[in-house]
Every structure is written in structure tokens, then in C-alpha cells.
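Take a look at the structure below.
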Amino acid sequence: MSYYKFDRNDVFVNTLRLFPEVKFVVYSGSSYYNDTPDIPGAFTSSIRLTEPINISLYELNIDRNEAAAVALGRTVGPAGPNEVADTGLIYPYIIKDGSRLNFRTSTAEAFAGLNPGELIEGAPYPYTASISKEYYTPTTPRAAMPVISASSVSGDDPEIESYGFVSHLRALKNTINYYRYLSPHFEYSSSFEAGSSEIHSRDLDNSTVGLVSIPSIFYGEKIKKGTVSLEFYYTGSLIARAQDTRRNGELIQTYGAGTTMNNVVGLVLYNEGFVVLTSSATLLSTGVDDYTGTTDFPRWVYFAQSLSASITAPKSTFILDMSGTTNTQVMTMFVTAPKGDLNHSNNPSYLQSGSMSYVTTASAAFIEGDQIPIKNIVSSAYADPTGSFEKTTYISKVGVYDKNKNLIGLAKVATPVRKTIDRDFTFKIKLDI
């Protein structure tokens, strides 16, 4: 086996910026990510153990459950103390030791209460992520302060009667206001006069708002500007479309009735992954659907409303298209097979058929024949004789080794490459890191 050392110009790393397309379809209580079908498995109703709208982290537990484990002859059931149980599903676990490793979902108090050697188990895979929709009416509480009163049990010590909360919409207030330099529509609360024919006056705390949340695993670093498109269908017909045509986060209605064309119907937070829908104008006055438990006309604030488990909106279909932005580090390696090298093989087919290898051993010597003929595979226009002899090998794999000559990577070519003494080749290997 021949080893060659990489030169300084043979290995380099660059950044590849990609813009993967993302598509969500929401219809009648079902939703799909990039048209992913819901495939039933041999042991499960859904082979990925999750809905088509979800991304499955690591793609583990494919068509796995307790029945699948039993079918494979494994013993499934509870284990003894501090033993890892076979539940039929892959799940993470840690044994408490001096390293103090723990899961994020486990509290420090729970970890401190365990003895060394005890088992800490995580939830079984798959871990999933999906988009969600929240609907706010003008009376929906955006935030509440905790209620604290004097306790009748502990004397003067205060007692919390109820915990406060902050809604996701209110939590985005500072973020929305931050982007005011892009457009006056990013005012969370404003009475700004945008022109003689348009008055921009609203307070998102007292308005009807739809909030679509998109986890970053779907788009990467940020949503690409100018790629967001929302389509609203009613009984299979497109009734409205909104796009960020100005590339500044404003969602402009570019198709449909109900509002003046080119009106702003919502906002896109590219870096945070949120779509804020603010238009309550009627998009179609000849049909109604169940968006909030009661029937109403289609409106932009109802977009993707059937993501809620209790709402189906059977007559409406929603499509969200966009592109993400991801940066991938790519390592490129140039591997050269030089002239005059790599033209010998230990493969038996390298020798002429029928040739015998003479080998003898003794207490002080090992002798083998040095006149074993090599098979001539040079083609000729005639059946006999063959072409002039030339040592020929075929390269099918390229191995990458560390400094201790441990194999750390293996690249295979689709078709073995013919190598002769007077030919050199350079293989280009690319690896995402």
C-alpha cells in the first residue's frame, strides 16, 4: 500500500451558501412539509413515528416499536435497577458518574438526588419540530402579572396565587419595533400617518393578529428575503396571495380581492422565523369556513388556522413557500496518483492465469519465485498476438488517513479508473463538515 502526504495546496476549506426551498401545505387538520407523504410501516401507522409536517431529528426509530422488537426475537420489558431497558425504541441514557454529564431537560436538583451509577433516561426518539399558528383576538390577553398575597398559613410570608405570563406576540414587541428602520409598519403600536389616503394606526395588543412560528431547523441561519409567499385557497381555488416583494419584511397582497392591491397584510421577521398577519379584511364574501369554532369569511389573520388541533377549516387550504439560508463548511482534498506509481497489485487477477508461485521456507530463509508473469490486458486489433505489454492497474478506492495511519475516510469512484505507468490522476474529494 502506498501512502502520500497532502501538500499545503492539496487541502482547503470554503463556505458554501445555500438557499433550500421550503414548502408547507395545511389542509383540513393535516399539514405537510415539502410534500412529504405519510408512509405506513410494517409495525407502525407512520414509518417516521411523526406527522408529515414535522422534521424528525436524526431520523431514528424508523418503523420501530415494541412489536417490531418482539418480531426480531428481542426481550422487551422493564429491566432491573440501574439497567438499561429494551423498550423497542432508541432513547438516550446517561449513567451518573464523576463527569457530571446530564440532560438539559433534567434539573440540577434531580441530578443531585441520584446516587453514582444510577441511570438517567431521556425521552425516546424521534425528536421533532414543526410550524405552529397562534390566533389573537382584540380581547386575548397578551400578558399578565403574577398575583401575590399574604399567606394565611405561613404568617407574613407572601404566597403566589397565580403565575404571570407573556404571550409570544408580546415577547416579540421589541423585535418588531427594532425593524422600524425598514418600514413604518413594524410599529407595534402606532398612529403614524403614511399618506393622504392611508392611515397606519394600530396597536397589536388590541388588534386581531395571526402569528405563524417557524423553527430555525427549517430555514437555517435566516429566511431569504424576497422568497416568502402565502397562498390562500378556498374550495380548491386561489383567492389571495401575499408576498414580500419589497424584500423589507412587508407582506404585500399581490393577488385577490378584499383589500386594495399592494396593501400590507402582515410582516415577516426573517432572522427570527415569524410571520405576523395583521389584515382582517374579507378575502371572499361568497363563502365561509370554520376558522375559530364559528364560521366566518376568509381573512389573512386566519391563514394556517387549521394547524390548531381543534380547528379543521375543511374548505380552506394554505400554502407557505420560502427559502432558507444555510452556510455549509466544505473541505476539498486533491489526491494525486503520480506517474510511475500505483502500478502493482496483490490481487491474484493481476497475475497471468495458470502461473504458479514457487514458495519455500526454512529455518533461516524464505524464498519465492521472482519470475511470475503478469497478465497482459492491453487490447489489440487482433485476437493473437495481444498488444505490447504495459503494467496496468485499476483504482477503485481512495483512503484518507490521519498522522497515525488510521483510516478516517474512504472515497469510492463510480467506475474503476485505469492507471498505467505514464498516466497520472488527481481525485477531487469534497466533504461537508
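Which of the numbered conditions does Q329 fail, given that it passes all the others? Conditions: (1) polar (S, T, N, Q); (2) crowded, with 16+ Cβ neighbours inside 10 Å; (3) within 30 Å of K225 (Cα to Cα).
(2)
When you go through T36, T50 one by one, which is the residue that is closer than 30 Å to S229 by Cβ, under 19 Å from the mean Cα position of the chain (by Cα) and either without any contact (Cβ under 8 Å) to a residue 24 or more places away in the chain or outside any loop (DSSP other than H, G, I, E, B) (or both)?
Within the list T36, T50, the selection yields T36.
Looking at segment 108-137 only, could you name the residues that are part of a loop (DSSP other than H, G, I, E, B) and either in contact with a Pro (Cβ under 9 Å, 6 or more places away or on another chain) or in contact (Cβ under 8 Å) with a residue 24 or more places away in the chain (or both)?
Applying the first criterion (part of a loop (DSSP other than H, G, I, E, B)) to segment 108-137 yields 113-118, 122-126, 130-131, 137.
Hits for segment 108-137 are G117, E118, G122, A123, P124, Y125, P126, S130, I131, T137.
Does segment 85-112 hold any residues that are hydrophobic (A, V, I, L, M, F, W, C) and surrounded by 12 or more Cβ atoms within 10 Å (Cβ to Cβ), and which are they?
Result: A85, L89, I90, I94, I95, F103, A110, F111.
Which condition from (1) modelled with pLDDT of 95 or more; (2) crowded, with 23+ Cβ neighbours inside 10 Å is the one that R299 breaks?
Going through (1) modelled with pLDDT of 95 or more; (2) crowded, with 23+ Cβ neighbours inside 10 Å one by one, R299 breaks only (1).
Would you please list the contacts, defined by Cβ atoms under 7 Å and residues six or more apart or on different chains, that run from a residue in segment 76-97 that is in the same structural domain as F111 (by TED's automatic domain parsing) to a residue that is surrounded by fewer than 13 Cβ atoms within 10 Å (Cβ to Cβ) and of a type in the set (F, W, Y)?
Taking only residues 6 or more apart or on different chains, the pairs are V84/Y93.
Quick check: is even one residue across segment 260-282 in contact with a helix residue (DSSP H, G or I) (Cβ under 6 Å, 6 or more places away or on another chain), surrounded by 19 or more Cβ atoms within 10 Å (Cβ to Cβ) and modelled with pLDDT of 95 or more?
yes
Do the conditions hold for Y255, that is, is it over 17 Å from A304 (Cα atoms), of a type in the set (F, W, Y) and modelled with pLDDT under 95?
So Y255 passes the test.
Please go through segment 82-107 and give me each residue that is in contact with a strand residue (DSSP E or B) (Cβ under 8 Å, 6 or more places away or on another chain) and part of a loop (DSSP other than H, G, I, E, B), ordered by number.
N82, E83, V84, A85, Y91, P92, K96, L101, N102, F103, S106
Residues checked against (1) outside any helix (DSSP H, G or I); (2) within 30 Å of Y233 (Cα to Cα); (3) among the polar types (S, T, N, Q):
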position	(1), (2), (3)
Y4	yes, no, no
K23	yes, yes, no
V26	yes, yes, no
S31	yes, yes, yes
N61	yes, no, yes
G80	yes, no, no
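Yes or no, residue by residue, for (1) surrounded by 15 or more Cβ atoms within 10 Å (Cβ to Cβ); (2) out of contact with any strand residue (DSSP E or B) (no Cβ under 6 Å at 6 or more places or on another chain):
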| site | (1), (2) |
| --- | --- |
| P40 | no, yes |
| I47 | yes, yes |
| T50 | yes, no |
| S56 | yes, no |
| E59 | no, yes |
| D63 | yes, yes |
| E66 | yes, yes |
| L72 | no, yes |
| T75 | no, yes |
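Within segment 79-99, is even one residue modelled with pLDDT of 90 or more and among the polar types (S, T, N, Q)?
The answer is no, given that none of the residues of segment 79-99 is modelled with pLDDT of 90 or more and among the polar types (S, T, N, Q).
Conditions: (1) in a loop (DSSP other than H, G, I, E, B); (2) over 30 Å from L320 (Cα atoms). A69 meets all but one. Number of the miss?
(1)
The values are calculated or read from the model by the stated rules, or taken from the named source; none is laboratory data. Everything numeric in this text was worked out from a predicted model, so none of it was measured. Every residue, glycine among them, receives a Cβ derived from its backbone with ideal geometry; neighbour counts consider all protein chains shown.
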